[in-house]
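Every number in this text was worked out from the coordinates using simple rules, so none of it is lab data. Computed from a prediction, not measured in an experiment: that's the story for all the values here. Glycine also receives a Cβ, built like all others from the backbone with ideal geometry; neighbour counts cover every protein chain displayed.
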Amino acid sequence: MKAFTKFLLLAAVLSGTVSFQSVRSGSTVTLETTVPDPQKVLTTAGDLLGTADAAFSAAADAIAEAPTAETARTDGTVYRIRNAAGDAASQIGAYSVFETAVSQCPAGYCVFDVQGTLLYTAGG
């Protein structure tokens, strides 16, 4: 499409109506478009931006309130990997996240909480 034709189409969209006459054929072509009310466009855009802003704020709040690895370490929960609850010498690891303790627990060992309650036994 030639630049002039693009210009005419743009003018039609922006102004609502544009007319031009063909040099070769002498015929007149009129392009008419419906231009939306600018206030309505701005209001709709503002509503969409406000909704997006609220969504981003809610996501940021959820992230800020989510427990992190740091808070998990400071709440006092420890999962120990040992042969027996009272056998401190057999301990090979202590973790603040239960799933991590289970994944690191080799066959023949168990995962205990700080009270010595057996929570998991690794199979062999």
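In table form, for the structure just shown:
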| read-out | value |
| --- | --- |
| Placed amide H near Leu119: partners under 5 Å, 5+ positions off or other chain | Val111, Phe112, Asp113 |
| Vicinal HN-Hα couplings computed from phi for region 84-96 (Karplus, 6.51 cos²θ - 1.76 cosθ + 1.60; Hz; Gly/Pro x) | 8, 4, x, 9, 4, 5, 8, 5, 10, x, 9, 10, 8 |
| Likely footprinting exposure, Phe98, Phe112, fewest C-beta neighbours within 10 Å first | Phe98, Phe112 |
